Ligand code: AMP
């Protein structure tokens, strides 16, 4: 049982032929990844994380993986043309036909504009951009303790705030947990300094198109999820 009948069908608003895209916006460590997984389950929509797609490609040793390796290792953004191509192929997959939740894309104004074009071309529409807002100091604290599952399911832990039951092992699928290459302390601040200005451009973009919703992310995970679901429903009924 999901919340999809209300949240998703209503998200189509007056344009029944357009498939909804929900965009998650937030700094690294804001909890976007965690919330995306929860929303995907509640709404019955696939979540698409560009970071996860890149990390999977890297683990699988594909050509894409080798191409993006230097960017992931240093926390730099992968070039827009590569990233947009990855999203375009993902949106063309059958499970995206009822809508998707995007996590980590778009991250620049150019990507946001490219997504609008791509969406129009493929019969989608960005119906809500959900900005999960967290202060800088809290972001640094969260990022330095983050551990991610190597099993490919985007299961995320924190050494203090959300530890796994057995140290270093994922509760959900038993895979090993690891510190992401770009969560090493020396790259965290660099990563934030690089990624925040373009994120603010993305926020401006969606403020301009009228779909931005801001949600305070410095609260318990469940509260943030409920607030996001309310926001999606409100956005949908206003569409
Ligand atoms: P994330 O898991 O979203 O933090 O992404 C991890 C890494 O993947 C980032 O540090 C970038 O190197 C790359 N990446 C993910 N999404 C994008 C994007 N939209 N544009 C460019 N690079 C991205």
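No value in this document is a laboratory result; all are computed from the given coordinates. No experiment lies behind these values; they were computed from the predicted model shown. Glycine also receives a Cβ, built like all others from the backbone with ideal geometry; neighbour counts cover every protein chain displayed.
A few remarks follow.
- Residue selected from segment 34-58 under the condition crowded, with 19+ Cβ neighbours inside 10 Å and under 12 Å from residue 99 (Cα atoms), by the criterion farthest from the chain's Cα centre (by Cα): 43
- All of 106, 70, 79 fail the test of being in contact with a strand residue (DSSP E or B) (Cβ under 9 Å, 6 or more places away or on another chain) and under 21 Å from residue 183 (Cα atoms), apart from 106.
- Subset of segment 190-205 (residues that are more than 9 Å from residue 108 (Cα to Cα) and in contact with a helix residue (DSSP H, G or I) (Cβ under 7 Å, 6 or more places away or on another chain)): 191, 192, 205
- Filter result for the condition that a residue is under 17 Å from residue 33 (Cα atoms) and crowded, with 16+ Cβ neighbours inside 10 Å, over 191, 162, 216: 191
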